[in-house]
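> Dropping a structure here in structure tokens format, bear with me for questions.
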Amino acid sequence: MQTKVIKIDRNNIDMKDIAYCADVIRNGGLVCFPTETVYGLGASAFNSEAVKNIYKAKGRPADNPLIVHISDYKMLELVTDCDGEQRNVLNKLAEAFWPGPLTLISHRDDAVPAEVSCGLDTVGIRFPSHPIARALIEAAGVPIAAPSANLSGKPSPTRAEHVIEDMMGRVDVIIDGGNCDVGVESTVFDIAGTKMSVLRPGAVTLEQLLSVVNTADELDWMKPHMDSDEKPRSPGLKYRHYAPNATVNIYDGVRPNLSNYIIEEIKNAKRRGFSVGVLATDESICYYKEVDGVVLSLGSLEDSLQQASNLFHCLRRFDDMGVDMVFAEAVPKGGAGDAVMNRLYRAAGGKIVTVETARDSEGHIC
Ligand code: AMP
Ligand code: MG
């Protein structure tokens, strides 16, 4: 397939380009487009053949549903089928957080083909704030179903170059609209279940949601969800995900002992012939000056939004530099920190080494 790359300036959108891309969507084609979270791989949410092609282009498992992107509240009525308390909650959350990085799981209207939700009776809906995403959906005149525009399992794309790397020859159009601001996927909040809960952490936090709804909880993302036969509430959680080619190891603990421990681990890895990468922070990067490998900073320890915005680019850079093993420092929870740790944890295949426990009998860090 020939893929056309079209550059669009988010501050000065060329509506002729948008009209072209909207035509591609209406005619059942695939368009990659920027959103404020990550790039999406979109097709008309009302065209089941086009939706099936999204799964093919990504190599996405058939039981991992897509998010439906809307650009106004008329579209919301077309895709969701809910009333009573769920409708109340939906309206309140939409007013508080849309347009923005929040996906709401509500009951699916039959107008949305089952393929979008992998047969679930619910649908994930999001109203993005990115001007290019909004212009595209508006011009298409239909809601756009879109997962992230990466090959399945890889880190989500936050820059056009990431999309080009993964999707060239697999889609009709890639819109190059610059870098995404948030950098991690939307918060997924289920309001259709018996208890409202955050299925995937993102830039909108549980605390913020609790300022609008009375009770809600968060799925324990440290629980292994991979390769299980049980039907998870957030199907995407079953798979090792967001992962670079390199093996990712996460270490949590107190600095500078944390860095010392990681440096010892790196020495072991080097002795075994592996090329190494370190994912540090602005505050800790100085400890890794002597490391013979690729050392990157996620940003300041105190700025979880900055960490989120850098995470996937850093993971992809390790691959570009041919790194075999990545040694990552855990970042503090809170704010977007939960989303960063959730993605790192899944990139690492579900394990974190806690450095405090690695002490000798006299209590010294080994
Ligand atoms: P992604 O493209 O990675 O943002 O994928 C969308 C994610 O949203 C999926 O992996 C699911 O975890 C979640 N999601 C979408 N629709 C639903 C739904 N109907 N029920 C539960 N989770 C959903
Ligand atoms: Mg994804």
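> How many residues does the stretch 174-187 hold that are open to solvent by 10 Å² or more (accessible area, probe 1.4 Å) and either hydroxyl-bearing (Ser, Thr, Tyr) or outside any loop (DSSP other than H, G, I, E, B) (or both)?
1
> If you scan the stretch 292-312, which residues turn out to be in contact (Cβ under 8 Å) with a residue 60 or more places away in the chain, in contact with a strand residue (DSSP E or B) (Cβ under 9 Å, 6 or more places away or on another chain) and open to solvent by 10 Å² or more (accessible area, probe 1.4 Å)?
Of everything in the stretch 292-312, just one residue is in contact (Cβ under 8 Å) with a residue 60 or more places away in the chain, in contact with a strand residue (DSSP E or B) (Cβ under 9 Å, 6 or more places away or on another chain) and open to solvent by 10 Å² or more (accessible area, probe 1.4 Å), namely ASN310.
> Step by step: first the residues of the stretch 89-103, then only those that are in contact (Cβ under 8 Å) with a residue 40 or more places away in the chain and over 15 Å from the mean Cα position of the chain (by Cα), then the one that is surrounded by the fewest Cβ atoms within 10 Å (Cβ to Cβ). Which residue is that?
Going residue by residue through the stretch 89-103, those that are in contact (Cβ under 8 Å) with a residue 40 or more places away in the chain are 89-90, 92-93, 96-97, 100-103.
When the remaining residues are screened for being over 15 Å from the mean Cα position of the chain (by Cα), the result is 89-90, 92-93, 96-97.
Values: VAL89: 21, LEU90: 20, LYS92: 13, LEU93: 20, ALA96: 15, PHE97: 22.
The residue in question is LYS92.
> Considering only residues that are hydrophobic (A, V, I, L, M, F, W, C) and assigned to a helix (DSSP H, G or I), look in the stretch 1-34 and name the one that is most open to solvent (accessible area, probe 1.4 Å).
Just the residues of the stretch 1-34 that are hydrophobic (A, V, I, L, M, F, W, C), to begin with: 1, 5-6, 8, 13, 15, 18-19, 21-22, 24-25, 30-33.
Those still in the list that are assigned to a helix (DSSP H, G or I) too: 15, 18-19, 21-22, 24-25.
Values: MET15: 109, ILE18: 0, ALA19: 48, CYS21: 0, ALA22: 1, VAL24: 24, ILE25: 0 Å².
Ranking the candidates gives MET15 first.
> Hey, which of the helices (runs of 4 or more DSSP H) in the stretch 35-125, taking only ones fully inside, have at least 3 residues that are farther than 20 Å from SER152 by Cα?
Working: elements: 48-58, 73-79, 84-97.
Qualifying helices (runs of 4 or more DSSP H): 73-79, 84-97.
Table: residues versus (1) within 19 Å of GLU115 (Cα to Cα); (2) touching a helix residue (DSSP H, G or I) at 6+ places or on another chain (Cβ under 9 Å); (3) at pLDDT 95 or above.
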{"site": "ASP17", "(1), (2), (3)": "no, no, yes"}
{"site": "CYS21", "(1), (2), (3)": "no, yes, yes"}
{"site": "ILE25", "(1), (2), (3)": "yes, yes, yes"}
{"site": "LEU30", "(1), (2), (3)": "yes, yes, yes"}
{"site": "VAL38", "(1), (2), (3)": "no, yes, yes"}
{"site": "LEU41", "(1), (2), (3)": "yes, yes, yes"}
{"site": "LYS56", "(1), (2), (3)": "yes, no, yes"}
{"site": "PRO61", "(1), (2), (3)": "yes, yes, no"}
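> Among the residues of the stretch 134-173, which ones are open to solvent by 30 Å² or more (accessible area, probe 1.4 Å), closer than 13 Å to LEU315 by Cβ and within 12 Å of ligand 2 (Cβ to nearest atom)?
LYS154
The values are calculated or read from the model by the stated rules, or taken from the named source; none is laboratory data. Every value quoted in this text rests on a predicted model; they were computed, and no experiment measured them. No Cβ is skipped: glycine too gets one built from the backbone with ideal geometry, and neighbour counts run over all protein chains shown. Areas reflect the complete protein model, heavy atoms only, side chains present, ligands, DNA and RNA absent. Shrake-Rupley method; radii C 1.70, N 1.55, O 1.52, S 1.80 Å.
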